[in-house]
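The values are calculated or read from the model by the stated rules, or taken from the named source; none is laboratory data. On a predicted model such as this, the values are computed, not experimentally measured, just so you know. Here the Cβ is made from the backbone with ideal geometry for all residues, glycine too, and neighbour counts use every protein chain on show. Each accessible area value is taken on the protein alone, full model and side chains, heavy atoms only, with ligands, DNA and RNA left out. Shrake-Rupley method; radii C 1.70, N 1.55, O 1.52, S 1.80 Å.
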Amino acid sequence: MIGADETFDFVIVGSGGGSMCAALVVKSMGLEPLILEKTDLFGGTTAKSGGIMWIPNNRFMQRDGIADSTEKAMTYLDNCVGDHNDTPGASRERRLAYVTQAPKMVDFLVEQGIELNRHNYWPDYYSELPGAVEEGRAVFAELFDASALGEARKKLRPNFVPVPVKSQEMWDLPLYKTTWIGKKMMAKVALRMVTARLTGKHWVGSGAALQGRMFEKALKAGVDMRTNAGVERILTDESGRVTGVQVRIDGKERVIAARHGVLVNAGGFARNQEMRDKYQPGTSTQWTATCPGDTGEMIQDMMRLGAAIAQMEEMVGNQAAFPPENADGIALVVSEIAKPNSMVVDQSGERYINENQSYMSFCQGMLARNKTVPAVPSWLIFDSEYMRKYMVTGTMPGSKKPQSWFDRGFLKKADTIEELAKLCGMEPGKLKAQADRFNGFARSGVDEDFKRGGRAYDRFLGDKGNAPSPSMGPIEKGPFYAYQFYPGDVGTYGGVITDTNARVLREDGSAIAGLYATGISTASVMGRAYPGAGASVGPSFVWGYVAARHAMEGAKENAEAA
Ligand SMILES: Cc1cc2nc3c(=O)[nH]c(=O)nc-3n(C[C@H](O)[C@H](O)[C@H](O)COP(=O)(O)OP(=O)(O)OC[C@H]3O[C@@H](n4cnc5c(N)ncnc54)[C@H](O)[C@@H]3O)c2cc1C
């Protein structure tokens, strides 16, 4: 490209899930990638996240004798994702490509020295459907000692949990008041933290472990990675082929040429209110837990080049509350809402949903309910037994809650359900009747209204130590409490449409030459469903892997032909 300041083989926009994976593929084929990251930290929302990847039929399942296969995974996706005209990113062809490539991507990472493993029990989210695996398909990175990064440690985006825990441990840890597993986990994590202090280790877990490990390997492989490097425009030649990017690095404009393609891995648009108003009206940038760079301009720039988009109204909902004095400003309360001795009601005081379903479908249900009865925000109603046993918006079980929660009306407290209803602006008799009905279900262990606890995933989210149902317990011991929560999100789920090689497509189905995209910049291969833990990070890695291989194999063929 004439006038370029620099030239690389493959230019990757954003340092999200798929980016470093793609860069390692490029390096493994003897070519030079460049990663451009807009913020001052590497890792994207992926580093903040649980770091789980949903990988069917992976090598760890095979190692542990957990039955899975391409066919079984496809049966599951056929059932929970299905074929719909308005979700072209989730076509059967793309789903098959995902299921086929995902285990290969994991094998590649393991060959690169990334220490991965599988969670031993994390049911698929529609665990009642054919093809689901109850043990789960959740792959994660082992804890990572960030000291291995040396000075670059400061460049890794931190995880949303400030203590070094694996995602699965995070489910057991809050149950330390009610289960032996929880108590053991608490002791294990405390010991880990003390030992780390004594030995000078900087353990990080979950998404920070995954991206930390990727970052370490990328640095070792000599991948050129730059922060404060926001791409402003994707460049094309007169034929429309993508040839590079225009980027502002540390405030200076630069033109970077890409010999064999550009991969956009720049996240979604959860932090762009204008785009939310257009595609997801009634939702707010205040409700997202994504990283600050999640502002959608790369999706818009790909649209400028003619890229087709789909599923823009979808997000990965995640129930969120906003207690005063919360350090992060947002508390994700998915697992708290699923604990016994509590129920969710709309603003009229009526229960309307299975509290223990997956976060994405819960929030879809909440938004749907809000169309007929105000349900955004909804209320979590719970009793003093819940207060004693479970976390409340991230605070430890039984701990004294800040006075400001009461003074500022966040946490309501009353001696009876009827009084609580009045504080929440509900009709007292109605809330009492709802609680009585729910308590009956809790005692029998069968939710006749919404089947809470009816599937393995529901029970997984509950409390193993609670009987007869891990998901339900009566709300009967005063004082009673309530707080409001919103359909927050951990990312949007729509974007540009890509093919089985991760190439960005136009409305007419043709590929924009030289342009690839992955992660939540794209319309998800999972359509409007969230099949299991890791359905965002998994696809980001897999399509990054696929894109880099496709682009570099094309480059090799061209070189051989020349
Ligand atoms: C608390 C939490 C827990 C979660 N847990 C999980 C989980 O366990 N498993 C799962 O699958 N999902 C999880 N999610 C969701 C998941 O983390 C995200 O959907 C996913 O990480 C998005 O990955 P990505 O690769 O598309 O983008 P990201 O990881 O967000 O990376 C995009 C990067 O691009 C950069 N960027 C944006 N624009 C530009 C530009 N113009 N130029 C250069 N750079 C740019 C951004 O700054 C960002 O660093 C979780 C999310 C949260 C918040």
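Yes/no per residue for (1) under 19 Å from the mean Cα position of the chain (by Cα); (2) within 14 Å of the ligand (Cβ to nearest atom):
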position: 279; (1), (2): no, no
position: 283; (1), (2): yes, no
position: 294; (1), (2): yes, yes
position: 307; (1), (2): no, no
position: 315; (1), (2): yes, yes
position: 325; (1), (2): no, no
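For the stretch 496-521: of the residues being of a type in the set (D, E, K, R) and open to solvent by 40 Å² or more (accessible area, probe 1.4 Å), which is nearest to residue 19 (Cα to Cα)?
503
What are the pairs, 6+ residues apart or on separate chains, where a residue within the stretch 279-306 that is farther than 17 Å from residue 39 by Cβ and touching a residue at least 24 places away in the same chain (Cβ under 8 Å) has its Cβ under 6 Å from a residue that is open to solvent by 30 Å² or more (accessible area, probe 1.4 Å) and in a loop (DSSP other than H, G, I, E, B)?
Listed pairs, sorted by first residue: 279/313; 280/313.
Quick check, is residue 383 free of Cβ contacts under 8 Å to residues at least 60 places away in the same chain, buried (at least 17 other Cβ atoms within 10 Å of the Cβ) and touching a strand residue (DSSP E or B) at 6+ places or on another chain (Cβ under 9 Å)?
no
Using the structure shown, decide if residue 552 is outside any strand (DSSP E or B), open to solvent by less than 10 Å² (accessible area, probe 1.4 Å) and in contact with an Asp or Glu (Cβ under 8 Å, 6 or more places away or on another chain).
yes
Residue 270 is checked against (1) within 16 Å of the ligand (Cβ to nearest atom); (2) under 30 Å from residue 111 (Cβ atoms); (3) among the small types (Gly, Ala, Ser); (4) modelled with pLDDT of 95 or more and fails just one. What number does that condition carry?
In the conditions (1) within 16 Å of the ligand (Cβ to nearest atom); (2) under 30 Å from residue 111 (Cβ atoms); (3) among the small types (Gly, Ala, Ser); (4) modelled with pLDDT of 95 or more, residue 270 misses (2) alone.
Can you name the condition, by its number, that residue 244 falls short on among (1) open to solvent by less than 20 Å² (accessible area, probe 1.4 Å); (2) within 13 Å of the ligand (Cβ to nearest atom)?
For residue 244, the exception is condition (2).
Residues are listed down the side, and each one gets a yes or a no for (1) away from the ligand (no atom under 14 Å from the Cβ); (2) of a type in the set (A, V, I, L, M); (3) under 17 Å from the mean Cα position of the chain (by Cα):
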site: 10; (1), (2), (3): yes, no, no
site: 19; (1), (2), (3): no, no, yes
site: 22; (1), (2), (3): no, yes, no
site: 25; (1), (2), (3): yes, yes, no
site: 38; (1), (2), (3): no, no, no
site: 48; (1), (2), (3): no, no, yes
site: 55; (1), (2), (3): no, yes, yes
site: 61; (1), (2), (3): yes, yes, no
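In the stretch 359-405, how many residues are of a type in the set (Ser, Thr, Tyr) and farther than 23 Å from residue 436 by Cα?
Number of matching residues: 7.
What is the one condition in (1) open to solvent by less than 50 Å² (accessible area, probe 1.4 Å); (2) part of a helix (DSSP H, G or I); (3) touching a residue at least 60 places away in the same chain (Cβ under 8 Å); (4) not small (Gly, Ala, Ser) that residue 474 does not satisfy?
It is condition (2) that residue 474 fails.
Being surrounded by 24 or more Cβ atoms within 10 Å (Cβ to Cβ), within 16 Å of the ligand (Cβ to nearest atom), assigned to a loop (DSSP other than H, G, I, E, B) and not aromatic (Phe, Trp, Tyr) narrows it down to one of 534, 538, so name that one.
534
Among the strands (runs of 3 or more DSSP E) confined wholly to the stretch 1-90, which include 2 or more residues that are charged (D, E, K, R)?
Fully inside the stretch 1-90 and qualifying: nothing.
Please give the number of the condition residue 166 fails out of (1) free of Cβ contacts under 8 Å to residues at least 60 places away in the same chain; (2) open to solvent by 40 Å² or more (accessible area, probe 1.4 Å); (3) away from the ligand (no atom under 16 Å from the Cβ).
(3)
Within the stretch 151-161, can you find the residues that are more than 12 Å from the ligand (Cβ to nearest atom) and open to solvent by 40 Å² or more (accessible area, probe 1.4 Å)?
If the condition is that a residue be more than 12 Å from the ligand (Cβ to nearest atom) and open to solvent by 40 Å² or more (accessible area, probe 1.4 Å), then 151, 153, 154 are the ones that fit.
Quick check on my filter: what residues within the stretch 264-303 are open to solvent by less than 60 Å² (accessible area, probe 1.4 Å) and of a type in the set (D, E, K, R)?
276, 294, 301
Taking only the stretch 204-241 into account, find how many residues are closer than 16 Å to residue 53 by Cβ and either among the hydrophobic types (A, V, I, L, M, F, W, C) or within 14 Å of the ligand (Cβ to nearest atom) (or both).
Count: 9.
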